Every structure is written in structure tokens, then in C-alpha cells.
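Single-structure report; data block below.
Values in this text are rule-based calculations from the coordinates and carry no lab data. Keep in mind that what you see is a predicted model, and the values were worked out from it rather than measured. Because the Cβ atoms are built from the backbone with ideal geometry, glycine has one as well, and the counts that use them run over all protein chains shown.
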Amino acid sequence: MCGIVALIGSREAAPQLLEGLRQLEYRGYDSAGIATVELAPSGSAGVDGEPPGRLHCLRAEGKLVNLTARYEAEGAPGHCGIGHTRWATHGKPEERNAHPHLDGRGELAVVQNGIIENHRSLREQLQSEGVVFRSDTDTEVIPHLLARQLERLQASGQPADASLLLRAVQEVLPQLHGAYALAVVWAQAPGALVVARRAAPLLIGLGEGEFLCASDTPALAGFTRTILPMEDGEVALLTPLGIELYDGSGRRVQRTPSLLSGTEHVADKRSFRHFMLKEIHEQPETAALWVARHLPEPTEGRLVALPLDPGLYEGLERVQILACGTSRHAALVGAYLLEQLAGIPTSVFYASEFRYAPPPLSRHTLTIGVTQSGETADTLAALAMEQERRRLVADPAFAPRLLGITNRPESSLARMVPHILDIGAGIEVGVAATKTFLGQLLAFYGLALALAERRGGASGPGGPRQLRDLVSQLRQLPALLERLVADHDQRCEALAHLFADTQDVIFLGRGINYPIALEGALKLKEISYIHAEGYPAGEMKHGPIALLDARVPVVSIAMPGTVFDKVLSNAQEAKARDAQLIGVAPEGPDTGLFDVLLPVPEVDELLSPLLTVIPMQLLSYHIAAHRGLDVDQPRNLAKSVTVE
């Protein structure tokens, strides 16, 4: 969601702030701004109450190019500053609601990611004291609260310096209810930057004589690989001389910095028109890397090698998965695999709902949190709640077993749970997930196969032989994906014009491909703004069939297996209502009923989601591109959803 950068050092801050914000554009935003503090000219500080520094604030609605143009025209000097890309929650995406937000005197600036849940009561209190608000945001209460607290501290005789700013922030934070990451600069302390976090990500990057704070690692690209991730409730004072880190109770904290894992933190579109198309084309590589890491040669013993403690599996009786959006669709496929291959009862929950209606605690349960960014607020909060309620039970059978599946091993999720499956898909810029969805699917295939192997083989009639066959076919996946992506890129581009005036699309699937129908509908909604819904094919006649006519295309996933004939029969029902029928299925006489066929190779039905998702992604991409839409940054959406 919102992106934060903050810098203090020996170089001009604004160019680095703008570059940091550019690296965070993929998160989604609707406005941007920076604030810098410049040392006042020699001899002017203190004259007529002038502070030792001068605050410069630039904000602009829309894309970062608009803010860059303002900077080039007006400038923003200073070696200390903060920057922000905003994803609107409170207040429309207008310049007056863009960050940074200032206090009444224009001396103090704040940027924030998160939501201040009690902002209304704080605003009313401040307004009763004469404070005038200039925006509709929840964030603006923070600079006014800080300014009031600074005035009180100064009135008691304390000098205006970095330590005073730190103290004011520490004393105001308990008044803020909700989740936040924030950065503060003050003209009275031009050589100081204060940052804080609660339930929202914030990292400190350590450079040579300077420090860069950011809400995500790409903003640190080219600056440093040495980072100090802030923990929940911590506050830090940064000056050119170093970092002072404090916990929520105000105690000084000493912690060793760490190195960023992985190497791909810089986004490069190469020759592709959009990042999303590039990332779809990178999926064969994603699969090849996964096969190399997790499917050892048969002579090496186990069929699947996962970097997990064997104790995670011991005595396991149930699995519950917490996820949102695309990650939830991957979880639905995972649940199918865990039940059908490993014989483990598995439930999938919307993380946003789990917190408010959790199921009764069950014994020997593995809880899996799935989030590509590792920062999804709903998923992290649900995991934290589950961990806490299990810790309160004395019976060890109810002890928490937590596993995270993510693309960001340095994320908040990785610091929260003891076990992580890194999908290793590399940085994904497009807001609509593609290669990270494939990576999540592969993580679940690995987990289901590993559990099935430990339990003596597949739970169905195939037994250990079925597992060996599945692993053998998975080794062929990268080559299959390579051909499939190349073929369907052209097919879907040619098909896109048929959707020029389409307003509604129905996606159908059954069994393990029902979640792929959901994912296909979500992709189309996200980037083309066409209303689309995914249904279990057998449920069409129980209501949704009333939507069908010649203006509503139906995309049907029909893969040979247990439900193949049923899906074809359901497709016939749609065709009888004059719907244009698009099939995702192998070529053959059975699939001649489709008006348009997007052919996929025939594989074991359990592996088919890894292939059927490709036409869904490319069809959605080319429809959106044909309409001239912003494919990589669709309206109203954010890559990392860090607010509830």
C-alpha cells in the first residue's frame, strides 16, 4: 500500500527520496510527496523566532512524474527528508490529502502508512482546541498532536533538539490506535529523523554516513544491503552520527543489522510492454528454480526436499490456511492437494474474517499464512491471534504450529512465524499477481507431496507410485510452461478484441480447477475492470445461469479427470443460453463444443492448475492492454495490502 522513504546523511535528500519512491511505485498509489529540512542560512536561526532549519514540502496528485516535475521547478534542498506514495483510505486522492502532512506552523512534517483507527475522536479534540485541519486524512492528527506535545515540553524549559523530537514522538504514540509506520522531521532539529512502527513494515538501511528508511526492500536498491528491520512498537532516532533504537516502553535496544537475502531487488521491464507480461513470461523460470531446489534426483532419498523441521509434521491431524485474494485461491488448491494426496483435513479461511469468527481450537493443527509480500495486515493479524490463543492453552496438543508461505523471506511474516517456505519468484512489480501465484501453488504441491510421502504415500488408490508419477511430471513443468506461455501470448492477443464491449464474464471450473476459475475472474476484474465471477460449474444451474445470454462470455476449464464429462455437460448448459463459450482444455473431439479453444497439454488432473492458469493470466492481460489501461498499476489497488 502506501510507500515510505526517509533519509538523513551528507547528500541532498530529495533526489534519493524520489528514486526510493520510484522503486515503490509497484505497491500502488494515487498521489505522492516529499518534505526536506534545510539548514537555515548562517545568522538567521533564532532571529524573530526563526528555527535553525527550513521545511520544504512538495506534493502532487497522480503519478510520481507529477511530483518530480514540481521538484525540478521548485526544488527541495536539505540533507534530511521524508517521502510518501499514498493509497487513499481516508479522503479522496487529491493533493490536499497527499502526504507529508504538516503542523499548523509548517515546521513539522509526517508521513504514515497504516490507519489511525481513533482519528475522529483525536480530530474532534484538536479542533476544540482551535486546530485547523487542511485534509480529510487520518494521518493529519499526528503532526498536530506532535506540535502540541513539543510546545508543552519546550514550555517546561527543555531545548528544541533531536532528543526532544524523539521524546515527543514516544509520548504521542500511545494515543494512536491502529497500525502505522511513520517518519517525522522537524525544522527545529534539522539534523534528526524519527521513525516508528506498529503492525506495519519499516526497515532502516545502513549506508556510509547516511541512513535510509523504507517500507519495502526495493527502495533500498543501490543504497545498501545492510538493513535493520524495526520490530513492532519500536521507535528510532536517526542522525548522521548513528541510530538510537528504543522499544515500546522507551528502553534502549541494541540489535545487530542483517543482510538482505537474494539479489533481485531492482525492477527491470526489459523489452516487454508491461511488467505483468514480463512476469507471466518468467513463470517457466520460476518453475525451473523450484524444481531445482525441491525435487532432488530420485537417488537422493526423498521425493521432495523442503527446508522445514520434521517436527512440523509429527502427529499432524489438521491444517488451516489463512490468506486473502490471490493467495487464498492458491490456498484452495493447496487444501485440495493436502486432503486428496496426504489425507489431512484442511480448511481455508479469509484472513480478514478469521480474526472475528475463529473456529474452535483443534488438536495438532498446522496453521499456514499465505501472503506474497509477507506484509498483508489481515493475514499477519490472524496469525498473531491464532498464535496467542493457542499459547493460552496448557495442553501441548494445542500448541501453535505456524508456517508462512511468502515471496519475501525478509518480511514481517518471516519474523513472526518459526517456519517459512520462500517461493523464490523474485520481485514482482505488477499489482496483479502472476508468477507469485504460481510460486504459491508450487509451495503447496511440495508441502502436500512431502506430507503424503511421510504418511506412507498418497491417500488414494495410487499410493507411493502416484507420488512418483506426479514428481516425474512436475520435472517436465518448466518445458510445458515455456511452450504454453509462448503459444497463448499470441492466441490471447488475437482474442482480446472480442471483449471490446464486454461488461460481464463467467468463469467455470470444478474440483481442483474451481480455484483457477476464481483466480481467472479476479485477474480480469483487477486489470480490465470487467465484472467477472468464478463459479463451480455444477452450481451454474442453481442461480447464476440466469445471467447468461449472448453478451456474457463463459470461460470453462475442462481437464480430463474425474469431473471432465461433468464440466462438458455444464458447458453445454451455458451454450444453450447463447453464451459465447471459451474452453481451456486439451485439443480433442470432446472439446469441439467450444466456440474458442485455448488448448493446454493433458497432464494428471492434480497438476492441471499449474497449466490452466496461464491462459487466464494472458487473456486478462491482453484484454486490459487492448483497452489501453494501466495494466501494472490498476486503479484503486495496491500490491502490498498493509491496512485492514
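Pick out, in residue order, every one of the trypsin sites (Lys or Arg not before Pro) in region 314-379 that is DSSP loop and has at most 14 other C-beta atoms within 10 Å; say none if there are none. Kindly include the intermediate steps, with their values, before the conclusion.
Numbers: sites: Arg318, Arg328, Arg355, Arg363; in loops: Arg355, Arg363.
Sparse-neighbourhood loop trypsin sites (Lys or Arg not before Pro): Arg363.
Using only the Cα atoms of the chain, build the gyration tensor, take square roots of its eigenvalues as a ≥ b ≥ c, and label the shape rounded, prolate or oblate: rounded if a/c is under 1.5, else prolate if a/b is larger than b/c, else oblate. Don't jump to the answer; show the numbers that get you there.
Values: a/c = 2.20, a/b = 1.71, b/c = 1.28.
Prolate, since a/c reaches 1.5 and a/b exceeds b/c.
Which order do the peptides 215-227, 577-589 come out in when sorted by mean C-beta neighbours inside 10 angstrom, highest first?
Details: 215-227: 21.6, 577-589: 18.7.
So the order, starting with the most tightly packed, is 215-227, 577-589.
Specify whether the C-alpha gyration tensor of region 525-644 places it in the rounded, prolate or oblate class, a ≥ b ≥ c being the square roots of the eigenvalues: rounded for a/c under 1.5, otherwise prolate if a/b is larger than b/c and oblate if not. Please report the intermediate quantities before stating the final value.
Working: a/c = 1.80, a/b = 1.47, b/c = 1.22.
Prolate is the answer for region 525-644, as a/c is 1.5 or above and a/b outweighs b/c.
Kindly provide the helix-only [θ] at 222 nm of the chain, computed as the sum of -39,500 (n - 2.57) over DSSP H runs of four or more divided by all residues, to the nearest 500 deg cm²/dmol? Present the calculation step by step, with values, prior to reporting the outcome.
On the way: 17 runs with 214 residues, N = 644.
My calculation for the chain gives -10500 deg cm²/dmol from helical runs alone.
Ranked by Cβ crowding within 10 angstrom, fewest neighbours first, how are Tyr246, Tyr336 ordered? Before the final figure, lay out the partial values.
On the way: Tyr246 18, Tyr336 21.
Listing Tyr246, Tyr336 from fewest to most nearby Cβ atoms yields Tyr246, Tyr336.
Looking at the chain, send over the antiparallel percent of its DSSP beta bridges, to the nearest 5. Before the final figure, lay out the partial values.
Working: 62 of 98 bridges.
Here the antiparallel bridges make up roughly 65 percent for the chain.
If packing is taken as the average number of other Cβ atoms within 10 Å across a peptide's residues, how do 537-543, 282-288 rank, most packed first? Before the final figure, lay out the partial values.
Working: 537-543: 15.9, 282-288: 21.4.
Most protected by this proxy first, the peptides run 282-288, 537-543.
What spacing in nm lies between the two simple spin-label points modelled at His177 and Ala399, each 7 Å away from Cα in the Cβ direction?
3.6 nm
Sort 595-602, 176-183, 233-240, 498-505 by packing, meaning the average of other beta carbons within 10 Å per residue, with the highest value first.
On the way: 595-602: 17.6, 176-183: 22.9, 233-240: 20.0, 498-505: 14.9.
Listed from highest to lowest mean packing, they are 176-183, 233-240, 595-602, 498-505.
Any idea how far apart Thr256 and Thr226 come out in nm if each label point goes 7 Å out from Cα toward Cβ?
1.3 nm
Within 10 Å of each candidate Cβ there may be at most 14 other Cβ atoms; applying that plus a DSSP loop requirement, which GluC sites (Glu not before Pro) in region 403-503 survive? Can you show the working numbers first?
On the way: sites: Glu410, Glu428, Glu453, Glu482, Glu493; in loops: Glu410, Glu428.
Taking region 403-503 and a limit of 14 other Cβ atoms within 10 Å, no loop GluC sites (Glu not before Pro) are found.
What ³J(HN,Hα) values, in whole Hz, does the Karplus curve 6.51 cos²θ - 1.76 cosθ + 1.60 give for region 103-112 when θ = phi - 60°, with x put for Gly and Pro?
Per-residue couplings from phi come out as 7, x, 8, x, 9, 10, 10, 9, 10, 8 Hz.
Could you tell me the calculated FRET efficiency between Arg635 and Asp549, based on Cβ-Cβ distance and R0 = 22 angstrom, to the nearest 0.05? Can you show the working numbers first?
Working: r = 28 Å, r/R0 = 1.28.
Efficiency for this residue pair is about 0.20.
Among Met385, Met616, which comes first, second and so on when ranked by fewest other beta-carbon atoms within 10 Å?
On the way: Met385 16, Met616 29.
Least to most surrounded, the residues fall as Met385, Met616.
Amide H to amide H, which residues 5 or more places from Val253 or on other chains are under 5 Å from it, using H placed in the peptide plane?
Amide H neighbours of Val253, under 5 Å, 5+ apart: Leu245, Tyr246, Asp247.
Modelled label-to-label distance, Gln473 and Ala292, 7 Å Cα→beta-carbon offset: nm?
2.5 nm
Helix 564-575: angle to the longest alpha-carbon principal axis of the chain, degrees 0 to 90, nearest 10?
80 degrees
Using the Karplus equation 6.51 cos²θ - 1.76 cosθ + 1.60 (θ = phi - 60°), what ³J(HN,Hα) coupling, rounded to whole Hz, does each residue of region 136-141 give in order, writing x for Gly and Pro?
9, 7, 6, 5, 5, 5
A 18 angstrom limit on the alpha carbon distance is what I want to check against. Which of Lys435/Lys523; Lys525/Lys566; Lys541/Lys575; Lys269/Lys435 exceed it?
Details: Lys435/Lys523 13 Å; Lys525/Lys566 27 Å; Lys541/Lys575 13 Å; Lys269/Lys435 14 Å.
Check vs 18 Å cut-off fails for Lys525/Lys566.
Apply the Karplus curve 6.51 cos²θ - 1.76 cosθ + 1.60, θ = phi - 60°, to the phi angles in region 311-319 and return the couplings in whole Hz, x for Gly and Pro.
x, 5, 8, 4, x, 5, 10, 8, 10
Nearest 10 degrees, 0 to 90: what angle lies between the long axis of helix 609-626 and the longest principal axis of the chain (Cα atoms)?
60 degrees
What is the fewest-to-most order of Glu74, Glu353 by other Cβ atoms lying within 10 Å of their Cβ?
Working: Glu74 9, Glu353 13.
Taking fewest neighbouring Cβ atoms as first place, the list is Glu74, Glu353.
Which shape class applies to region 371-489: rounded if a/c is under 1.5, otherwise prolate when a/b exceeds b/c and oblate if not, where a ≥ b ≥ c are the square roots of the Cα gyration tensor eigenvalues? Before the final figure, lay out each step's value.
Numbers: a/c = 3.28, a/b = 1.25, b/c = 2.62.
Since a/c reaches 1.5 but b/c is at least a/b, the shape of region 371-489 is classed as oblate.
Cα to Cα, under 20 Å, and not fewer than 8 places away if on the same chain: which lysines meet these conditions relative to Lys92?
Within the straight-line cut-off, Lys92 pairs with Lys63, Lys639.
Tell me the angle of helix 64-74 to the major Cα principal axis of the chain, expressed in degrees between 0 and 90 and rounded to the nearest ten.
For 64-74 against the chain, the angle is about 20 degrees.
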